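Here's the structure, in structure tokens; my notes come after.
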Ligand code: SF4
């Protein structure tokens, strides 16, 4: 089943603050994508990875989720290690990357100032995530960070209280999907060793096991 067509409007302009942010970015970084970034990957994937938002110099530059920055370096290296993609390095939309049984998306499709979407933006863009989840019906979901975790729960109309976020926590959701929590693979978390490559590998080892 093709997920993008139903789940995403590449011309979406529903968030005024992010529209204004794009306007400034277009003059500062005219060669960047500077527009909403769609989900990417296998349209029939059983594994959905949900990040927070496009990175300024990663997805917002390249136009593909997690492509071209430190977060993506660790993510794709790890996905390749567990057989979810055909190459360990993701640099540009033209690099030949293919995901296998795996799809990556963000809770918010537009780059926010300071990489922090506000509550309203998370709610608005949650409509796209809800549609994506409904079309894909993944067996496993890896949420990268607390806000991605909450976004998945809200998109599925599940209570936040019964599903606390913790790295490595697993939540069996109504409908049968397993939600696995991970710290986000951000440059900050990697540099501070809040998240190590082995901790991250443990998350995808478990996802592979579940599938
Ligand atoms: S963040 Fe989502 S809802 Fe807001 S403008 Fe971008 S695509 Fe649209």
Rounded to the nearest 500, what is the chain's calculated 222 nm mean residue ellipticity when only DSSP H runs of at least 4 contribute -39500 (n - 2.57) each, over all residues? -11000 deg cm²/dmol
Do you know the relative contact order of the chain, to the nearest whole percent, from alpha carbon pairs under 8 angstrom that are 6+ apart? 22
Centroid-to-centroid separation of region 179-211 and region 64-138 [C-alpha atoms, Å]: 14
Taking every Cα atom in the chain, find the radius of gyration and the maximum pairwise distance Dmax, and write them in Å. 15.7, 46
Fraction of antiparallel bridges per DSSP, region 117-211 only, in percent to nearest 5: 40
Burial ordering of 27, 186, 151, fewest other beta-carbon atoms within 10 Å first: 27, 186, 151
What does the highest-first list of 173-179, 192-198 look like by mean Cβ count within 10 Å? 173-179, 192-198
Two-site label geometry, residue 19 and residue 116: point separation in nm, points 7 Å out along Cα→Cβ: 2.4
Rounded to 5, the percent of DSSP beta bridges in region 40-210 classed as antiparallel: 30
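Since every read-out is calculated from the coordinates, none of them should be taken as a lab result. Computed from a predicted model, the values in this text were never measured in an experiment. Don't worry about glycine lacking a Cβ; one is built from the backbone with ideal geometry, like all the others, and counts go over all protein chains shown.
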